[in-house]
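Trainee: Got a structure for you, written out below as structure tokens; questions coming shortly.
Derivation of every value follows stated rules applied to the coordinates shown; laboratory data play no part. Values in this document were obtained by computation on a predicted structure and should not be read as measured data. A quick note on method: Cβ atoms are made from the backbone with ideal geometry, for glycine too, and the neighbour counts reach across all protein chains shown.
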Amino acid sequence: MAAPRSITRILKSLPTSRNACSYHRRRSRASWLPAEVLAKRYSSNTATVAAAAASPSTEQTTSFPSPSPAPSGGNNSIINKQAQTTSDLPLKTYNVTKADARPKLSEHHKITFDEKKTLVPWEEGKTSHFQHVWMRDHCQCSECFHPETKQRVFDTFSVPKNIQPDIVEAEEKGMKIKWKNGGHESFYTWEWLHLHSYNPRLERYISPQFKFWGSEIAEGPPEVEYEDVMGSDAGVGEWTRKIRKYGFCYVNGVPVTPEATKELVERIAHIRHTHYGGFWDFTSDLSKKDTAYTTLALGVHTDTTYFSDPAGLQLFHLLSHTDGSGGQSILVDGFRAAKILREEDPTAYRILSNVRIPSHSSGNHDSSIQPYAPFPVFNHHPVHGELILVRWNNGDRATMDRWDDPADVGRFYEAARAWNDVLKRRENEYRDQLVPGRPLIFDNWRVLHGRAAFDGKRRLCGAYISRDDFMSRFVMSNSKREDVLKAL
Ligand SMILES: [Fe+2]
Ligand SMILES: [Zn+2]
């Protein structure tokens, strides 16, 4: 039986373990922080060094799993495959060493160009090939690239197809090209050329260095001080850095009011409104009989699996809990749990990386939110193949009625059971009681949350922030703007 088309397509598009890791073979040479912040090399050597110094050297940092290789040949059902050995599914650990040196042009070879391209030889022994049409399109001058808006204002299609340089010259800081047909002059710094070299690609992909955790994180969970976050962008930088690294963070000393909590959230970004509203503040009270906000135990899950773009961050602030007890919150590091599943049961990992699960939110009578397409539990980056998003909410799964091979049904449930087992292990759960004045914020793309049953009356407030807004604030509060722009 043929695999469902969508699944076949996914498999074809997923990097195999070999190509997924071709970027990874090279060791990261920058610290976890600016490496990710800047996405590309050279962005800020000083920031890199500073951050490397700031991160404890004893800390074990681990990259997250890449998807399994696509099966080939034989049975077309994607999930009816032999379990692979874990050696087929490498998990990489990146070492933090030192910042990169600036790129240098070769002293022994000259820049040359022919009809189609300019060749730039580097001291490291590699030569970048830049096609003329690409170079002209990427002219960095203020006529072509708006200095304020950072947008291209040049009409790419106004230049002749076979645009040619008249003169190409190496200068101290970079390369100048004077173009034929009008004599427009372009200048590209060595740093920019090296960073954006595409043939070959010289930029090293640097995996984010997450700190994975289990129940032991209870001994020293990440936290920041309210005063610091409210008082400076450096405070926000520390906060977003911890959220990114650990997947969650507490804020100490927050006034126990919805107003102060909202202001706190907005230090990162504007609140993401949903069909439940924007900033929420509710009392969980049995008399209300609100099924959305009961006092029942909730298994760990991620929120908004029914969005095409699930909420990036979620903040909870317990304002009060009276006339009862219980309601411990439970967090599970989803990236670490995925890694555990992948090591123990690669087949289950592959299944949950490929089977698309429909989901919905239809409790409100006037809406039925559904993503534009069903998504798997483990979602990988389409370019570098690393796990970037865990979607898991057993309650929000819609009917799974698209199976090419009915035998896949049983395989899916086996895989989901194995995943559920990993999530429920005591050593993977971080349990803590929320207290007033100490909100919890977590990365909903990585960390699953749940809570124990409770009685009495709790008042909670909180909000979502979109992931793009969070990442923007994280990057901008941890690096120089010019460095971020350079890497664009
Ligand atoms: Fe939730
Ligand atoms: Zn220009």
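Trainee: Hey, what do the phi angles of region 467-476 turn into as Karplus ³J(HN,Hα) couplings, whole Hz, using 6.51/-1.76/1.60 and θ = phi - 60°, x for Gly and Pro?
Mentor: 5, 4, 5, 4, 5, 4, 5, 4, 5, 6
Trainee: How fast does region 215-476 diffuse by Stokes-Einstein, in µm²/s, taking the Kirkwood radius from C-alpha pairs at 4 °C and 1.567 mPa s? Numbers along the way, then the final one.
Mentor: Numbers: Rh = 19.2 Å.
Using the Kirkwood radius from Cα pairs, D works out to 68 µm²/s.
Trainee: I'd like the distance separating the alpha-carbon centroids of region 456-488 and region 169-219, in whole Å.
Mentor: Going from one Cα centre to the other spans 23 Å.
Trainee: Once amide H atoms are placed 1.01 Å from N in the peptide plane, what residues at a sequence separation of 5 or more from LYS117, or on another chain, have their amide H within under 5 Å of its amide H?
Mentor: Sorted by chain and number, the residues that satisfy this are HIS132.
Trainee: Additional query: Which of the peptides 118-124, 404-410 is most tightly packed, and how do the rest follow, going by the mean number of other Cβ atoms within 10 Å of each residue? Each step should come with its number before you reach the end.
Mentor: Numbers: 118-124: 17.4, 404-410: 14.9.
Put in order of decreasing packing, that is 118-124, 404-410.
Trainee: Which order do the peptides 354-361, 331-338 come out in when sorted by mean C-beta neighbours inside 10 angstrom, highest first? Mind showing how you got there, number by number?
Mentor: On the way: 354-361: 20.8, 331-338: 25.9.
Ranking the peptides 354-361, 331-338 by packing returns 331-338, 354-361.
Trainee: From largest to smallest, what semi-axes in whole angstrom does region 205-315 give when each is the square root of 5 times an eigenvalue of its alpha carbon gyration tensor? Could the numbers behind the result be given before it?
Mentor: Numbers: eigenvalues 132, 75, 53 Å².
Largest first, region 205-315 gives 26, 19, 16 Å.
Trainee: Tell me which residues come under 5 Å, amide H to amide H, from VAL224 once H is placed; ignore anything under 5 positions away on its chain.
Mentor: TYR250, VAL251, ASN252
Trainee: Region 403-443 to region 296-345: how many Å between their Cα centroids?
Mentor: 8 Å
Trainee: Let me ask you something else. Gain in length, GLU263 to SER362, computed as 0.36 nm per residue apart minus the alpha-carbon separation, to one decimal in nm? Could you put the intermediate results ahead of the total?
Mentor: Values: separation 99, 0.36 × 99 = 35.64 nm, distance 3.01 nm.
Contour length minus Cα-Cα distance gives 32.6 nm.
Trainee: What are the equivalent ellipsoid semi-axes of region 306-442, built from the alpha-carbon gyration tensor (square roots of five times its eigenvalues), in whole angstrom, biggest first?
Mentor: Working: eigenvalues 166, 81, 46 Å².
So the equivalent ellipsoid measures 29, 20, 15 Å along its semi-axes.
Trainee: Follow-up question, since we're still on this one. Could you rank the peptides 380-387, 462-469, 310-317, 366-373 by their average count of other C-beta atoms within 10 Å per residue, with the highest value first? Mind showing how you got there, number by number?
Mentor: Details: 380-387: 18.1, 462-469: 20.6, 310-317: 23.4, 366-373: 12.5.
Result, highest mean Cβ count within 10 Å first: 310-317, 462-469, 380-387, 366-373.
Trainee: Past the 30 Å Cα-Cα mark, which pairs from LYS117/LYS480; LYS104/LYS480; LYS173/LYS480; LYS245/LYS480?
Mentor: Values: LYS117/LYS480 33 Å; LYS104/LYS480 23 Å; LYS173/LYS480 20 Å; LYS245/LYS480 19 Å.
Distance filter (> 30 Å) returns LYS117/LYS480.
Trainee: Would you mind ranking CYS141, CYS461 by Cβ crowding within 10 Å, fewest neighbours first? List each step's numbers first, then the result.
Mentor: On the way: CYS141 13, CYS461 22.
So the residues, fewest neighbours to most, are CYS141, CYS461.
Trainee: What net charge is computed for the residues neighbouring ARG425, neighbours being all others with C-beta under 14 Å from the C-beta of ARG425, Lys and Arg scored +1, Asp and Glu -1?
Mentor: Values: positive: ARG336, LYS339, ARG417, LYS424, ARG426, ARG431; negative: GLU216, ASP333, GLU343, GLU344, ASP345, ASP421, GLU427, GLU429.
Net charge in that neighbourhood comes out at -2.
Trainee: Hey, another quick one. Tell me which trypsin sites (Lys or Arg not before Pro) from region 175-257 have a DSSP coil assignment and no more than 15 other beta carbons within 10 Å of their own.
Mentor: On the way: sites: LYS176, LYS178, LYS180, ARG201, ARG204, LYS211, ARG241, LYS242, ARG244, LYS245; in loops: LYS180, ARG204, LYS211.
When the trypsin sites (Lys or Arg not before Pro) of region 175-257 are filtered for loop state and at most 15 Cβ neighbours within 10 Å, LYS180 remain.
Trainee: With the Cα gyration tensor of region 112-196 in hand, convert its eigenvalues to equivalent ellipsoid semi-axes via √(5λ) and list them largest first in whole Å.
Mentor: On the way: eigenvalues 82, 53, 25 Å².
Its equivalent ellipsoid spans semi-axes of 20, 16, 11 Å.
Trainee: Non-local amide H neighbours of TRP122 (under 5 Å, H modeled in plane, Pro and chain starts lacking H): which ones?
Mentor: The answer is SER106, THR127, SER128.
Trainee: List, in order, the whole-Hz ³J(HN,Hα) value for each residue of region 369-384 obtained from phi through the Karplus relation with A = 6.51, B = -1.76, C = 1.60 and θ = phi - 60°; use x for Gly and Pro.
Mentor: Calculated HN-Hα couplings, in order: 7, 9, x, 5, 8, x, 10, x, 5, 9, 10, 10, 5, x, 9, 9 Hz.
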